[in-house]
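A short reminder: the numbers here are calculations on the coordinates, not readings from a lab. It should be emphasised that the depicted structure is a prediction, and the values quoted were computed from it without experimental measurement. Cβ atoms come from the backbone with ideal geometry, glycine included; neighbour counts cover every protein chain shown.
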Amino acid sequence: MVKKVDHIGIAVANLDETLKLYEEVLGLECINTEVVEEQKVKVAFLPIGDTEVELLESTSPDGPIAKFIEKKGEGVQHIAFRVDNIEEALEEMRQKGMQLIDEKPRYGAGGAKIAFLHPKSTKGVLIELCERG
Ligand code: ZN
């Protein structure tokens, strides 16, 4: 059902500082940044092969990324799997007994439709399902 790794979401405390690492040291290129108000996050997109690294910096101390860093420190926060039809994928997950964070898809960075599965159902990995138009 999942097609590929759409992106890897990495929580960072300071986006500009982290971009230096990814661009100057690792040689990736940030092609865009976007603020997703609803998620209280600023996202930087860095394509790598046919997938992407997304660096996530919280825009507010009470945002989900700020809370993640508070608990676990900076690092990989979620992995996004591409699906063709997110409504169908969510229904299938539900039928298979998975615990969902999002009952319905919501807006994700880059215009994607996204939904998260609960890490309790996925052996500790925050998995995002992601459909792109
Ligand atoms: Zn994501």
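Numerical summary
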| quantity | calculated |
| --- | --- |
| Matching residues in region 115-133 - criterion: being of a type in the set (Lys, Arg), farther than 11 Å from ILE86 by Cα and assigned to a loop (DSSP other than H, G, I, E, B) | LYS123 |
| Test: residue in region 16-38 that is of a type in the set (D, E, K, R), within 19 Å of VAL125 (Cβ to Cβ) and loosely packed, with under 13 Cβ neighbours inside 10 Å | no |
| Output for region 66-80, where each listed residue is within 14 Å of the ligand (Cβ to nearest atom) and either in contact with an Asp or Glu (Cβ under 7 Å, 6 or more places away or on another chain) or more than 18 Å from LEU21 (Cβ to Cβ) (or both) | PHE68, HIS78, ILE79, ALA80 |
| Counted residues, region 51-62 - those being away from the ligand (no atom under 16 Å from the Cβ) and either under 15 Å from ALA80 (Cα atoms) or touching a helix residue (DSSP H, G or I) at 6+ places or on another chain (Cβ under 8 Å) (or both) | 1 |
| Scan of region 90-109 for residues that are touching a Phe, Trp or Tyr at 6+ places or on another chain (Cβ under 9 Å) and either closer than 18 Å to LYS120 by Cα or away from the ligand (no atom under 16 Å from the Cβ) (or both), ordered by number | LEU100, ILE101, ASP102 |
| Hey, ILE127 surrounded by fewer than 20 Cβ atoms within 10 Å (Cβ to Cβ) and either away from the ligand (no atom under 12 Å from the Cβ) or among the hydrophobic types (A, V, I, L, M, F, W, C) (or both) or not | no |
